[in-house]
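The values are calculated or read from the model by the stated rules, or taken from the named source; none is laboratory data. This one's a predicted model, so the numbers in the text were calculated from it and none came from an experiment. Neighbour counts are summed over all protein chains in view; Cβ atoms, including those assigned to glycine, are modelled from backbone coordinates with ideal geometry.
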Amino acid sequence: MENLYKPKVLLVHNFYQVPGGEDTVFKNEKELLEENGHEVITYTRDNEEINNFHLFGKIGYPFNAVFSLKTYHEVKKIILANKIDIVHVHNTWPLISPSVYYAAFHSNVSVVQTVHNFRLICPGGTLYHNGKICEDSLYKGLRSSIKNKIYKGSLIHTLISAATLKIHRVIGTYKKVNYIFLTEFNKKKVLELNNKERIIIDESKTFIKPNYVSMDREIIPFDERKNQFVFVGRLDKLKGIDLLLEVWGRIKETDLIICGTGPEEEWCRKYIEENRMSNVYLMGYIKNEKAREIISESKALILPTQLYEGFPMTIVESFACGTPVIGSDIGNTGNLIKEGLTGKKFQFDSADSLREVVNRIHDMTDSCRLEYESKYTSDINYKELLSIYDFMLDGK
């Protein structure tokens with residue numbers, strides 16, 4: 001007889017001051033579990049707390065980033081009071097800290113961490129520095145990240161993040177935790193931390209489960225779509241917006257819709273005006289539903305990112321709309337695109353390569369939608385998540 005018991009889950013998340021994709025995934029996963037009959041308790045902290053720190057709070061901040069007694073005691077209390085079966089962590093940086101793992105360990109409860117970025121490798125979390133991919137933290141050690149002030153260009157912030165990583169690597173914290181990686185690329189990259197001398201991450205405790213989106217949008221046939229391409233994201237050189245506009249300066253017959261805001265917004269506006277690019281439209285911030293509508297009526301979504309990325313949700317949203325993705329051939333963007341079936345890849349730093357790919361886009365509507373339905377729906381995601389939970393509970 002099938003076991004109908006639904007594990008009680010404590011979802012843990014540290015909100016950044018600037019909302020991002022991790023916040024959305026945390027919210028979505030809570031709803032997914034509740035819709036499937038799980039009792040879900042949440043423990044969250046918000047980096048807005050830092051702005052209200054008094055003197056002792058500021059003095060204690062570096063130590064609490066390494067191990068927060070507040071988090072430890074509060075989480076342990078929640079676990080015991082609610083008879084939690086699984087502690088599922090999304091983000092610990094910096095207020096929650098790895099102390100949340102020890103609250104679970106000492107309560108004899110299984111704990112899993114969803115890995116949204118590369119902070120296990122690099123204090124900055126992006127493997128990007130000075131305008132290019134940078135893996136020095138992986139191959140040259142954490143000292144290189146401190147030297148480069150890899151986190152926010154700040155020596156102090158980088159030191160705190162690097163110290164947290166170093167201490168918990170040395171005392172073996174990370175190898176006791178289960179991990180959910182969003183892609184095979186992410187998993188392989190983080191596992192490069194391991195070497196013959198020391199195991200940082202226990203590979204037997206790693207799983208792969210992508211994020212999901214819930215979409216039931218009517219698919220517009222390719223030949224009925226508008227003569228346009230769309231970019232959805234932060235207007236930042238890290239996201240390749242300058243490369244994209246350079247390319248569109250040589251494309252006159254097709255529109256480009258740009259959805260988003262960011263540090264390069266004014267530069268984009270000026271560039272478009274100076275180059276008289278009448279076929280480029282800056283939409284600014286728009287709600288997600290409107291962005292999906294634009295994606296669904298476009299020939300392709302373009303992601304010219306210069307980063308490895310964690311897991312670009314816009315790719316899955318695009319597949320759900322039956323819209324192919326033109327993306328950089330690096331990291332997760334390149335990893336998630338099946339050439340000629342769900343999109344096309346271009347040399348990430350080449351305007352000529354991007355322009356060539358734009359000119360060769362074709363109908364991939366059915367295969368994009370099939371990719372979504374076979375991998376990225378809420379039903380599939382829940383089954384994968386429950387399988388991970390069951391494996392952890394069986395292994396206790």
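Brief remarks follow.
- Checked against the criterion of being over 23 Å from Ser214 (Cβ atoms) and outside any helix (DSSP H, G or I), the candidates Tyr101, Tyr72, Tyr43 yield just one match: Tyr43.
- Flag not set for Val12, criterion: closer than 22 Å to Ile156 by Cβ, of a type in the set (A, V, I, L, M), within 23 Å of the chain's Cα centre (by Cα) and not in a helix (DSSP H, G or I).
- Complete set of residues in the range 260-298 that are of a type in the set (Ser, Thr, Tyr) and without any contact (Cβ under 8 Å) to a residue 24 or more places away in the chain: Ser278
So that you can scan it fast, the table gives a plain yes or no per residue for (1) modelled with pLDDT of 95 or more; (2) at positive phi; (3) assigned by TED's automatic domain parsing to the domain that holds Ile315; (4) loosely packed, with under 14 Cβ neighbours inside 10 Å:
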| site | (1), (2), (3), (4) |
| --- | --- |
| Asn227 | yes, no, yes, yes |
| Asp255 | yes, no, yes, no |
| Tyr271 | yes, no, yes, no |
| Tyr281 | yes, no, yes, no |
| Tyr285 | no, no, yes, yes |
| Ser296 | yes, no, yes, no |
| Lys299 | yes, no, yes, no |
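- The test for being under 19 Å from Val213 (Cβ atoms), outside any strand (DSSP E or B), of a type in the set (A, V, I, L, M, F, W, C) and at pLDDT below 95 holds for Phe311.
- Single residue of the range 1-46 satisfying the filter (of a type in the set (A, V, I, L, M), in contact (Cβ under 8 Å) with a residue 60 or more places away in the chain and closer than 22 Å to Tyr72 by Cα) that is surrounded by the most Cβ atoms within 10 Å (Cβ to Cβ): Val12
- Residue selected from the range 192-201 under the condition under 23 Å from the mean Cα position of the chain (by Cα) and surrounded by fewer than 16 Cβ atoms within 10 Å (Cβ to Cβ), by the criterion nearest to Asp363 (Cα to Cα): Glu192
- Filter result for Ser144 (touching a strand residue (DSSP E or B) at 6+ places or on another chain (Cβ under 9 Å) and not assigned by TED's automatic domain parsing to the domain that holds Tyr308): no
- Within the range 288-308, being part of a loop (DSSP other than H, G, I, E, B) and not aromatic (Phe, Trp, Tyr) holds for Glu297, Ser298, Lys299, Pro304, Thr305, Gln306, Leu307.
- Only one entry in Ser367, Ser318 is without any contact (Cβ under 8 Å) to a residue 40 or more places away in the chain, farther than 20 Å from Asp242 by Cα, among the polar types (S, T, N, Q) and not in a loop (DSSP other than H, G, I, E, B), namely Ser367.
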